[in-house]
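Just so it is clear, none of the values below were taken in a lab; they were calculated from the coordinates. Keep in mind that this is a model prediction, so the values were computed, not measured. Here Cβ is always computed from backbone atoms with ideal geometry, including for glycine, and neighbour counts include all displayed protein chains.
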Amino acid sequence: MITAGHEPMHIVCFLDGRPGHEKQTYGIVRALEKKVNLRLTEIKVSRRPVWQSFFGLIRLNLPWPADFHYNEITTKPDLVLGTGSSTHLAILGCKKQYKIPAVTCMTPDFFFRSRFDLCFVPAHDGLKQKQKNIFTTVGPPNCSKNKMKHRTDCGLILVGGIDEKSHRWDSAELAKKIEKIVKKETAMQWVISTSPRTPDPMASELEKLSRSCPNVSFFDFRKTEFGWLEQQYDNCASVWVTADSVSMVFEALTAGCSVGMIPVDWKKRDNKFKRSLSDLENKGFILPYGAWLEENYAWPEHENLNEAQRCADAILERWWPTKNLQ
């Protein structure tokens, strides 16, 4: 850790309350903490009405100071970071007020994009890394870490849910596939969990399955604490994820798990998440459900992913090279 003779790096993080977004932000922060001494200021924000966003955008273009005030910020930060469109105006207002670098994950709206100093964009978004502020990642950064303590007799099944834009959800068909997994792999102790998009009938089917199978435990995501999922990644050697939950695929891969993919019915052939999963399959990172059905299937061996660390290193290399911090 680089600390001697230097003040802690002060980072302001804007958080929108969405776990998937916050994990991306915290993943980068934790990776930075491995190399520098940090002081973190966290600020919760909510989605603004359209008219408020419009006037906020106008204020960003005005020549005078941003008049940006949050009571949580008591000293000038060194960097502002956040994930999700609800954080963008706050991030850019903070950048203008304090004249500091602004960093975000995912692809910002076009009219905001050039205003960010660095955007960590997953490859499936299809942006070319031509602009100097675009940094392409294999998948979204996250809080997972490979602790090398997986139990080969423990498995995890993560279920996504309805998204009208991207795929058709068939609870009955997916429940059959999950039942086949747990009844074929009877030597495994399976943990099954849902997500915010999982419809109630699907959750009920999974809970019923857990009562009928002694090797299955069911956990409703609403009854789990923050960090529970990462503990499961640490413990379980094998993880199955429904294909609509791409972020959890990357979390499990980062944790060093063997990852299987349960298919969903995509509405568009060129769906960006479908492209991302196809790329992972072609590179030998994940096992498709169809391949698992074959008698001589094998879990793929893959290099470990750590996109959060790559993002953290990119921040340090751009603004605080190691040679200047030592």
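For THR136, the amide hydrogen comes within under 5 Å of the amide hydrogens of VAL121, counting only partners 5 or more places away or on other chains and with H modelled in the peptide plane.
Note on the chain: GNM, Cα springs under 10 Å; of PHE120, PHE221, PHE111, the largest mean-square fluctuation is that of PHE111.
If only the Cβ of Lys and Arg carry +1 and only the Cβ of Asp and Glu carry -1, the dipole of segment 134-279 around its Cα centre is close to 260 debye. Direction-averaged projected area, Cα convex hull, the chain: 18.4 nm², rounded to one decimal. The relative contact order of the chain, computed from alpha carbon pairs under 8 Å that lie at least 6 residues apart in sequence, is 17 percent. Structure remark: mean-square fluctuation, Gaussian network model of the chain, C-alpha springs under 10 Å; the largest value among THR104, THR74, THR194 belongs to THR74.
Using only side-chain charges placed at the Cβ, +1 for Lys and Arg and -1 for Asp and Glu, the dipole size of segment 246-298 relative to its Cα centre rounds to 360 debye. Computed from point charges on the beta carbon alone (+1 for Lys and Arg, -1 for Asp and Glu), the dipole magnitude for the chain about its Cα centre is near 920 Debye.
For THR41, the residues 5 or more places off, or on other chains, whose built amide H falls under 5 Å of its own are ILE11, VAL12, CYS13. With Cα atoms as the point set, the radius of gyration and Dmax of segment 151-293 evaluate to 14.1, 40 Å.
Principal-axis analysis of the Cα atoms of the chain puts helix 50-61 at an angle of about 40° to the longest axis. In the chain, the calculated helix contribution to ellipticity at 222 nm averages -10500 deg cm²/dmol per residue, counting -39,500 (n - 2.57) for every DSSP H run with n ≥ 4.
Contact order, relative form, for segment 100-207: 21 percent (alpha carbon pairs under 8 Å, 6 or more residues apart, mean separation divided by residue count). Between helix 200-212 and the chain there is an angle of about 50 degrees, using the helix long axis and the longest principal axis of the Cα atoms.
When the Gaussian network model of the chain links Cα atoms closer than 10 Å, the mean-square fluctuations of MET106, MET202, MET148 top out at MET148.
Could you tell me what percent of the DSSP beta bridges with both partners in the chain are antiparallel, to the nearest 5?
Just about 5 percent of them are antiparallel.
Relative contact order, whole percent, for segment 151-293 stands at 29, derived from Cα pairs under 8 Å and 6 or more residues apart. Couplings 3J(HN,Hα) of segment 269-279, computed from phi: 5, 9, 3, 5, 6, 4, 4, 4, 5, 4, 5 Hz, in residue order, whole Hz [Karplus 6.51 cos²θ - 1.76 cosθ + 1.60, θ = phi - 60°; x for Gly and Pro]. To test your reading of the geometry: what angle, between 0 and 90 degrees and rounded to tens, separates the Cα axis of helix 88-98 from the longest principal axis of the chain? Once rounded, the angle reads 30 degrees.
For the set LYS23/LYS177; LYS34/LYS147; LYS23/LYS44; LYS176/LYS268; LYS96/LYS130; LYS35/LYS128, the pairs lying more than 19 angstrom apart at their alpha carbons are LYS23/LYS177; LYS176/LYS268; LYS96/LYS130; LYS35/LYS128. Could you tell me which residue out of THR25, ALA175, ALA187 lies farthest along the dipole of the chain toward its positive end? Charges go on the beta carbon: Lys and Arg +1, Asp and Glu -1, centred on the Cα centre. Ranked along the dipole, the leading option is THR25.
Which of TYR289, TYR98 comes first, and how do the rest follow, when ranked by fewest Cβ neighbours within 10 Å? Write down the numbers at each step before the final one.
Working: TYR289 16, TYR98 20.
Going from least to most buried by this count: TYR289, TYR98.
With the dipole of segment 215-297 worked out from charges on the C-beta (+1 for Lys and Arg, -1 for Asp and Glu) around the Cα centre, which of ASN215, ALA252, ASN235 lies farthest toward the positive end? Positive-end residue among those listed: ALA252.
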